[in-house]
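All remarks here apply to the structure that follows.
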Amino acid sequence: FKFSLPWASLIMAFLAFPLALIAQRKGGIAVSVLFSLVVGFAYWVVMALGVNLGHRGALPPIIAAWMAPIMFVLGGVWLFRYMD
């Protein structure tokens with residue numbers, strides 16, 4: 001977990017670019033701020049879920065720690081792929 005957590009800021013920056021462009025077309029700065037808050041909260045929830053599952057032994061520790069970063073990087077790649 002202590003190796004995967006520092007990647008959170010880089011992943012959020014990776015997601016911010018396509019989300020900002022999408023939100024800019026759909027409603028301006030308020031929508032961009034809302035998207036960023038929702039994505040940041042979702043990252044925190046998935047990271048907490050992964051850590052909890054790792055502590056309980058439901059997932060191997062390496063998968064539990066890297067679950068959120070991998071999911072959100074794949075989401076960012078998907079957003080970049082479908083960006084105009």
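The values are calculated or read from the model by the stated rules, or taken from the named source; none is laboratory data. This is a predicted model, so every value here is computed, not measured. Note: ideal-geometry Cβ built from the backbone for every residue, glycine included; neighbour counts use all protein chains shown. SASA here: full protein model, heavy atoms, side chains in, ligands and nucleic acids out. Shrake-Rupley method; radii C 1.70, N 1.55, O 1.52, S 1.80 Å.
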Quiz item: So, with a 1.4 angstrom probe, what is the percent of accessible area on the chain that is carbon and sulfur?
Solution: 76
Exercise. Set the Förster distance to 25 Å, then compute FRET efficiency between Val31 and Ile70 from the Cβ-Cβ distance, nearest 0.05.
Key: 0.40
Quiz item: Quick one: length gained pulling Val77 to Lys2 fully straight, 0.36 nm per residue minus the C-alpha distance?
Solution: 24.6 nm
Quiz item: When every alpha-carbon pair in the chain is counted, what percent end up more than 17 Å apart?
Solution: 49
Practice problem: Evaluate the relative contact order of the range 43-84 (contact order divided by residue number), counting alpha-carbon pairs under 8 angstrom at least 6 apart; express in whole percent. | Solution: 35
